[in-house]
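Down below is the structure, laid out as structure tokens.
The values are calculated or read from the model by the stated rules, or taken from the named source; none is laboratory data. Quantities reported herein were computed from a predicted structural model and do not represent experimental measurements. No Cβ is skipped: glycine too gets one built from the backbone with ideal geometry, and neighbour counts run over all protein chains shown.
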Amino acid sequence: MCALPVRPERRRVWRPGREVDLEATWGPLRRGAGDPTWRRRGHWLFRGISTSTGCATLAVSVRTSPGEVLAQAWGEPEVVDRLLDRLPAMLGEGDDPSGFRVRHPALRRVHLARPGWRVPRTGLVMESLIPAIVEQKVTGAEAFAGQRRLVRRFGAPAPGPGAAMGLYVPPTPAQVARIASWEWLRMGISPQRSDTVMRVVRMADRLEELALLDAERASRRLRAVPGVGLWTVAETAQRALGHADAVSFGDYHVAKNIGYALTGEPRDDAGLAELLAPYAPHRYRVQRLVELGRFSPERRGPRMSVPSHLPTR
């Protein structure tokens, strides 16, 4: 379980000298509307964060005047200090969009409307990798439900004020490693995905060290892990590694939505690769702008039901 705070909250004021769009930058970190690690209270965004050395509640607020980012954190001292030190990188301070040229008028409008958006580099590889594995090859509803059950069943109430607002921290890799096979089925997470999760949590310390590498080298090493494919690596690299060129190839919606936004017609992965080639090494920026602009083709037909992975008679 996550320990209660051992000392009062810590604070930090960061003056980035630029606009910070908190919602756009951290939006991909949220796993669906019911994510128990995410709460908004007034001008403050609260996140429950778990690492291999402990957990914390991190609260962030952006004041456009006088251009400050305020952060407060509660939890175990080592974790709290590291998160506050890492705050600028988590909000995209190391991201350089200067070479990005938006060619499409519709995307240009979104880009101009979100000048404070950056690609984050949280440095928390397992925080992004485990949910990405849970989300492999399933509907969005099934993916978010599985991650939500994992956090609520095996995570813990977040430190400080987090517990009172129903905020949770995810289970640590060590806690995940102790989950029985039948519990994964009860959470609606198939054996293929749970096997991959168990594989990565057993090498969590080595994988967390990838945050110290440049994004491209770290992504190549992630792809060497059995069960972690191109899509999962991209989803992790976009969040934990600040990789502005990591496109979610293999996603059911991404190729269709980007194709629709740029050409008016859905594309497959091969078409997407061709379409995005001129944007390298900023291809993920196009993907995120399409998400922020909510571009998508009209959907037809009934919604897919969420399947159960429990054995049937």
Here is a check on your reading of the model: is Arg109 over 21 Å from the mean Cα position of the chain (by Cα), more than 17 Å from Leu22 (Cβ to Cβ), assigned to a loop (DSSP other than H, G, I, E, B) and not hydrophobic (A, V, I, L, M, F, W, C)?
no
Contacts under 7 angstrom Cβ, first residue in region 114-140 being over 23 Å from Thr172 (Cα atoms) and small (Gly, Ala, Ser), partner crowded, with 23+ Cβ neighbours inside 10 Å and modelled with pLDDT of 95 or more, 6 or more apart
Gly116/Val20
State yes or no: is Arg239 assigned to a helix (DSSP H, G or I), on the phi < 0 side of the Ramachandran plot, surrounded by fewer than 19 Cβ atoms within 10 Å (Cβ to Cβ) and not hydroxyl-bearing (Ser, Thr, Tyr)?
no
Restricting to region 258-293, and then to whatever is buried (at least 20 other Cβ atoms within 10 Å of the Cβ), hydrophobic (A, V, I, L, M, F, W, C) and under 20 Å from the mean Cα position of the chain (by Cα), can you tell me which residue is nearest to Ala237 (Cα to Cα)?
Val286
The residue that is nearest to Val176 (Cα to Cα), considering only those in region 77-106 that are among the small types (Gly, Ala, Ser) and under 16 Å from the mean Cα position of the chain (by Cα), is Ala89
Go over the candidates Val169, Val225, Val197, Val201 one by one and state the one that is hydrophobic (A, V, I, L, M, F, W, C) and touching a Leu at 6+ places or on another chain (Cβ under 8 Å).
Val225
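Yes/no matrix, rows are residues, columns are (1) over 23 Å from Met203 (Cα atoms); (2) in contact with a Phe, Trp or Tyr (Cβ under 9 Å, 6 or more places away or on another chain); (3) modelled with pLDDT of 95 or more:
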position	(1), (2), (3)
Val233	no, no, yes
Ala237	no, yes, yes
Asp245	yes, yes, yes
His253	yes, no, no
His282	yes, yes, yes
Val286	yes, yes, yes
Arg299	yes, no, no
Pro307	yes, no, no
Thr312	yes, no, no
Cβ pairs under 9 Å, 6+ apart or interchain, first in region 175-203 and more than 21 Å from Arg152 (Cβ to Cβ), second of a type in the set (Lys, Arg), ordered by first then second residue, are Gln192/Lys137
Does region 88-99 include one or more residues that are crowded, with 22+ Cβ neighbours inside 10 Å and over 23 Å from Val233 (Cβ atoms)?
no
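Search region 116-157 for residues being small (Gly, Ala, Ser) and under 15 Å from Leu29 (Cβ atoms), and hand back the single one that is modelled with the lowest pLDDT.
Initial filter on region 116-157 (small (Gly, Ala, Ser)): 116, 123, 128, 132, 140-141, 143, 145-146, 155-156.
Those left that are additionally under 15 Å from Leu29 (Cβ atoms): 123, 128, 132, 143.
Working: Gly123: 96, Ser128: 97, Ala132: 97, Ala143: 85.
Within region 116-157, the match that is modelled with the lowest pLDDT is Ala143.
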Residues of region 237-273 being within 21 Å of Ser219 (Cβ to Cβ) and out of contact with any helix residue (DSSP H, G or I) (no Cβ under 8 Å at 6 or more places or on another chain), which ones?
Ala270, Ala273
Taking Leu272, is it in contact with a Leu (Cβ under 8 Å, 6 or more places away or on another chain) and either assigned to a helix (DSSP H, G or I) or among the aromatic types (Phe, Trp, Tyr) (or both)?
no
Can you find a residue in region 242-254 that is part of a helix (DSSP H, G or I) and touching a residue at least 24 places away in the same chain (Cβ under 8 Å)?
yes
Which of the residues that make up region 4-61 are more than 15 Å from the chain's Cα centre (by Cα), more than 19 Å from Ala164 (Cβ to Cβ) and acidic (Asp, Glu)?
Glu19, Asp21
Given the conditions (1) over 24 Å from Gly75 (Cα atoms); (2) surrounded by fewer than 16 Cβ atoms within 10 Å (Cβ to Cβ); (3) within 20 Å of the chain's Cα centre (by Cα), every one holds for Asp205 apart from (1)
Of all residues in region 145-165, how many are farther than 18 Å from Arg178 by Cβ and hydrophobic (A, V, I, L, M, F, W, C)?
5
Residue under question is Gly146, and the condition is that it be free of Cβ contacts under 8 Å to residues at least 60 places away in the same chain, surrounded by 15 or more Cβ atoms within 10 Å (Cβ to Cβ) and at negative phi; does it hold?
yes
